[in-house]
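Have a look at the structure below before the remarks.
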Amino acid sequence: MPLTAEHAAARMNGIGGSELASILHEQIKESGDTVYGCPRALWYEKTGHEQDYEFDESGPIQRGIILEPYIAELYSEVTGHKVARLDHKVGKEKSWEMVSIDRQIRGVPRGVGILECKSVGREIWYQMLKQGLPLRFVLQVQWGFHVLGPQYEWGVDAVLCCDPWAYIFHEVDRDQQLINMMAKKVAAFWKRVQDNDPPKRLKWSDKRCKGCLMRKTCQGAELAKAAETDDEIFGDTEIHETLSDTVATRMEMKGIIGEATGNLDDAEDEIKDVMTEAKSSVIIAGGHKITWIQQDDGTTVDGKKLEKEKPDIYKEYSKPRKGARPLNFYPV
Ligand code: SF4
């Protein structure tokens, strides 16, 4: 839901559903989901620190704001469920627990539900088709259940991808265990805000730091040190307009590869399912002989254990390895 000035001011007084991804970043990472948020950055925001770095994130935000009413309407049209806006709410007992859901779902025998509308890019879309709904989306709906009360037992993440034009409605059921864990983590974070006790900073090389609006306040010294070897982080970065088309092509190809990899995995999984059912490791299909044969198990050296228990041997059989130099792309 787009923030009104009133909501924006209210945000300073508590934690809303879209901020959980920052607080629960470790759990999100463990789930295999992409991690965007940082608790320390959220802490700076909640304790009223001014941002010290310009970073234009408005594209996806604008897309979300513009498409939200469309997604809500689409959901209503396809399912026949009525949806309605709901005012920003705060917890009955803890006023710093806040929620602004995109829509309330009404007139369904299961009772009132929560609708969250998401518009995502290709990369997240294909990742989602492969791995399921990202945990950060699930957490947001669960937080809504928590703040709005026990009468909310179910919700939906309606996810739209513009390219390819596709949508999915993913139901989320109340998960009290997850809610309890979340509520505990949020309470601990809010205490840090009140006690002026910042969460520990991430390593400066974490990709979240590169576009962080608080990165100079937070990482100033570390960044300066890093700048000796990495002048992309600090100082003037040259702009090469002549590479614009090449970079656009690269991003498009990356998206196509992501899509192709997803389709390839799906096709191979389907073939494996058929072979498993047929209890066969060799089949013929589509003009190909397809084999799926278990290779012999192998062994590998546990380098960490060897280094710890036999450091001399580890040293004797170690040789230098050139560090990787990955080509990374960050939106600016
Ligand atoms: S610079 Fe990094 S650690 Fe510091 S607040 Fe930003 S994202 Fe978090």
- Query: Can you name the residue in the range 265-311 that is hydrophobic (A, V, I, L, M, F, W, C) and touching a helix residue (DSSP H, G or I) at 6+ places or on another chain (Cβ under 9 Å) and, of all such residues, is farthest from residue 127 (Cα to Cα)?
  - Reply: 306
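If you scan the range 211-225, which residues turn out to be assigned to a loop (DSSP other than H, G, I, E, B) and either modelled with pLDDT of 85 or more or buried (at least 18 other Cβ atoms within 10 Å of the Cβ) (or both)?
The answer is 212, 213, 214.
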- Scanning the range 1-30 residue by residue, those modelled with pLDDT under 85, in a helix (DSSP H, G or I) and surrounded by 15 or more Cβ atoms within 10 Å (Cβ to Cβ) turn out to be 7, 10, 11
- With the checklist (1) among the charged types (D, E, K, R); (2) touching a strand residue (DSSP E or B) at 6+ places or on another chain (Cβ under 7 Å); (3) within 16 Å of the ligand (Cβ to nearest atom) in hand, flag the one item residue 82 doesn't pass. (3)
- Note on the structure: Of the candidates 208, 250, the one satisfying the condition of being more than 16 Å from the ligand (Cβ to nearest atom), farther than 30 Å from residue 290 by Cβ, at pLDDT 85 or above and of a type in the set (D, E, K, R) is 250
- Set 33, 87: member being more than 23 Å from residue 206 (Cα to Cα), among the acidic types (Asp, Glu) and either buried (at least 16 other Cβ atoms within 10 Å of the Cβ) or away from the ligand (no atom under 16 Å from the Cβ) (or both): 87
- Output the number of residues of the range 182-208 satisfying the condition of being under 19 Å from the mean Cα position of the chain (by Cα), part of a helix (DSSP H, G or I) and farther than 30 Å from residue 79 by Cβ. 4
- Query: Is it true that residue 83 is in a loop (DSSP other than H, G, I, E, B) and outside the structural domain of residue 265 (by TED's automatic domain parsing)?
  - Reply: no
- Task: Within the range 296-317, work out how many residues are surrounded by 10 or more Cβ atoms within 10 Å (Cβ to Cβ) and in a loop (DSSP other than H, G, I, E, B).
- Result: 3
- Only one of 193, 186, 159 is within 16 Å of the ligand (Cβ to nearest atom), of a type in the set (A, V, I, L, M) and under 19 Å from residue 20 (Cα atoms); which? 193
- Note on the structure: Considering the range 163-181, residues that are more than 22 Å from residue 11 (Cβ to Cβ) and in a helix (DSSP H, G or I), and then whichever is nearest to the ligand (Cβ to nearest atom), we arrive at 181
- Message: With the structure loaded, tell me whether residue 72 is within 16 Å of the ligand (Cβ to nearest atom), in contact (Cβ under 8 Å) with a residue 12 or more places away in the chain and crowded, with 17+ Cβ neighbours inside 10 Å or whether it fails that test.
- Response: no
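The values are calculated or read from the model by the stated rules, or taken from the named source; none is laboratory data. Worth saying up front: this structure is predicted, and the values here are computed from it rather than measured. Note that each Cβ is placed from the backbone with ideal geometry, even for glycine, and that neighbours are counted across all protein chains shown.
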